[in-house]
Amino acid sequence: MSCVLCDKTESIQKLDFPYFITEFKHSYWILGDHQFFKGYSQIIYKEHIRDMHDLDLKVQSELFMEVMKADEITRKVLNPWKMNFGMYGNVVPHIHWHLFPRYETEVDNKKPPMVYMDEFSKHPTSNTDYKKLIADFRMLL
């Protein structure tokens, strides 16, 4: 069975992934497949591991700091009202985080981001100025 996140990491390693932001020690930071929430991104663990508890405590800590670095940069670039994080792995059993910047201008910014899941595909990243967003993120690395 193929893993969509392993496929993305392979594409990143081949320098053939347009939404790549940066490589950290344990993960890759990419823009998400949609921009329903401007600046939505993911942190993808480099190896196909299902759960955080399967990692050494030191790696867990370092990986979480990578997530926090992406959060810090996202907040500096986009100034969201709030950041939401999701780490599930039920659909794709590969360690990864969803980083959702949230804005006061949303119709209902207090609802969890996944409530809008049916809308995500209507806002593909390729239709946005993603290259500028990636460049803005990279300037703060």
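General observations
- Among residues of the stretch 61-85 that are of a type in the set (A, V, I, L, M, F, W, C), those with a beta-carbon under 6 Å from a residue that is in a helix (DSSP H, G or I) and open to solvent by 30 Å² or more (accessible area, probe 1.4 Å) at least six positions away or on a different chain give the pairs Val77/Asp136.
- The condition (being more than 24 Å from Met65 (Cα to Cα), touching a residue at least 40 places away in the same chain (Cβ under 8 Å) and among the acidic types (Asp, Glu)) is satisfied by just one residue among Glu104, Glu119: Glu119.
- The set of residues in the stretch 13-27 being closer than 30 Å to Tyr103 by Cβ and open to solvent by 10 Å² or more (accessible area, probe 1.4 Å) consists of Phe17, Pro18, Tyr19, Phe20, Thr22, Glu23, Phe24, His26.
- Given (1) open to solvent by 50 Å² or more (accessible area, probe 1.4 Å); (2) at positive phi, number of the condition Gly39 does not satisfy: (1)
- Residues of the stretch 99-141 satisfying the condition of being charged (D, E, K, R), part of a helix (DSSP H, G or I) and out of contact with any Phe, Trp or Tyr (no Cβ under 8 Å at 6 or more places or on another chain): Asp118, Lys131, Lys132, Asp136, Arg138
- Note on the stretch 49-77: residues that are under 14 Å from the mean Cα position of the chain (by Cα) and open to solvent by less than 90 Å² (accessible area, probe 1.4 Å) amount to 10.
- Residues within the stretch 78-91 that are more than 13 Å from the chain's Cα centre (by Cα), open to solvent by 30 Å² or more (accessible area, probe 1.4 Å) and under 20 Å from Phe64 (Cα atoms), tallied: 2
- Test: residue in the stretch 63-79 that is in a loop (DSSP other than H, G, I, E, B) and farther than 19 Å from Lys8 by Cβ: yes
The values are calculated or read from the model by the stated rules, or taken from the named source; none is laboratory data. Nothing here was measured: the structure is a model prediction, and the numbers come from that model. Glycine also receives a Cβ, built like all others from the backbone with ideal geometry; neighbour counts cover every protein chain displayed. With ligands, DNA and RNA removed, areas are computed over all heavy atoms of the protein, side chains included. Shrake-Rupley method; radii C 1.70, N 1.55, O 1.52, S 1.80 Å.
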